[in-house]
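**Student:** One structure, as structure tokens, below. Some questions next.
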Amino acid sequence: MPSVAFRRGEDAVGTARRPFPTSLRNDTMNAPKVSAVIPSWNRKDDLRECLDALLAQDCPSLEIVVVDNGSTDGTLEMLAERYQSVRVLKNSSNLGAATAKNQGIVASTGEYVWFLDSDAKVLSSSCLSVMVDILEKHPDIGSVGGEVFRQPDGAERIMRKTVCVNAETKTVIVDDPKPELLECDYLATCNCIVRKKDLVEIGGFDPDYFILSEDKEVGWRLKMRGLKSVIDHRTCALHGVSPRQRKGDLYRKHKNNIRFVLINFPLWKAPLLPLFDAAHLFETRKLKDIRNKQTSVMKHLDGSVKDLVAGDAPFVLK
């Protein structure tokens with residue numbers, strides 16, 4: 001069982017808006033190698049499974065930081081009773097995933113920051129050690145992680161994410177169950193490790209995203225700095241979807257996509273967004289089935305330019 005830094009009852013102060021001060025760089029030799037940062041909001045049971053998997057990791061130097069966004073389901077009581085070695089940052093209300101992750105970055109003391117969703121379950125006790133080893137051997141890699149899709153027959157397949165021209169994410173199921181360092185445009189922060197110095201240099205997460213696309217934007221900025229995002233079959237986690245869906249997700253998703261395009265893509269593409277987004281109206285019949293699936297891949301299979309163009313190859317920005 002890894003050693004975990006012990007601090008209780010901390011209030012999460014501030015929103016850690018970009019840019020982060022350079023003082024966030026760690027200089028202490030006694031700091032843990034990795035800080036796991038887990039935003040959580042009313043997912044007590046999922047969080048318990050997530051933490052149990054983390055505590056089984058073979059990495060000898062790990063601190064765990066849970067950023068609670070005002071949970072009312074007994075999450076804080078469970079953490080106090082069962083996980084006294086876990087640091088808990090408490091927000092009085094839901095400040096969103098982006099702000100919670102920034103608070104976790106500020107509070108973290110490790111050289112690496114491992115982001116996990118509270119409903120993600122790491123499948124291997126060596127997952128963290130493998131991720132750290134990859135980052136230390138490959139300075140051109142900026143993030144490592146990945147998520148798997150569990151098929152009805154129990155087989156697990158890795159998901160690869162590509163950013164399309166309208167900022168939608170196309171998620172592809174990888175046929176090879178054990179690919180060698182599969183590169184992708186970005187990694188979902190349901191399971192993703194990044195050097196803290198890189199997070200500080202790019203300014204962390206944009207809190208204006210609140211939730212949805214905040215990880216895509218960070219991954220894209222890493223990519224623009226020449227840093228790769230890769231998946232190794234040994235570093236994947238099973239990611240669930242809360243059965244209680246968030247209201248307004250569809251509106252927020254498209255709002256965030258527009259913001260992403262305006263910030264990161266050439267402005268001439270902006271007038272084309274309504275055309276690309278119109279393609280999704282033809283797929284609303286799928287939403288009910290999508291929402292009933294307990295895998296995060298289903299969240300992202302709600303359309304892309306591929307469906308609009310009616311070809312097998314997605315219209316992707318490279």
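**Student:** Among the listed pairs Lys44/Lys197; Lys197/Lys223; Lys90/Lys223, which are separated by more than 26 Å between their Cα atoms? All intermediate terms of the calculation are to be shown ahead of the outcome.
**Tutor:** Numbers: Lys44/Lys197 31 Å; Lys197/Lys223 15 Å; Lys90/Lys223 32 Å.
Over 26 Å Cα-Cα: Lys44/Lys197; Lys90/Lys223.
**Student:** Got a sec to turn the phi values of segment 92-107 into Karplus ³J(HN,Hα) couplings, 6.51 cos²θ - 1.76 cosθ + 1.60 with θ = phi - 60°, whole Hz, x for Gly and Pro?
**Tutor:** 6, 8, 7, 8, x, 5, 4, 5, 4, 5, 4, 4, x, 4, 4, 6
**Student:** Counting other C-beta atoms within 10 Å, which of Glu201, Glu217 has the fewest, and how do the rest follow? Each step should come with its number before you reach the end.
**Tutor:** Details: Glu201 16, Glu217 23.
Fewest-to-most Cβ neighbours within 10 Å comes out as Glu201, Glu217.
**Student:** If neighbour count is taken as other Cβ atoms inside 10 Å, put Thr72, Thr99 in order from fewest to most.
**Tutor:** Details: Thr72 8, Thr99 28.
Ascending Cβ contact count within 10 Å gives the list Thr72, Thr99.
**Student:** Based on other C-beta atoms within 10 Å, arrange Ser126, Ser40 from fewest to most.
**Tutor:** Result, fewest neighbours first: Ser126, Ser40.
Bear in mind that the values in this text are calculations on the coordinates, not laboratory data. On a predicted model such as this, the values are computed, not experimentally measured, just so you know. Methodologically, a virtual Cβ is constructed for each residue, glycine included, from the backbone with ideal geometry; neighbour enumeration extends over all protein chains shown.
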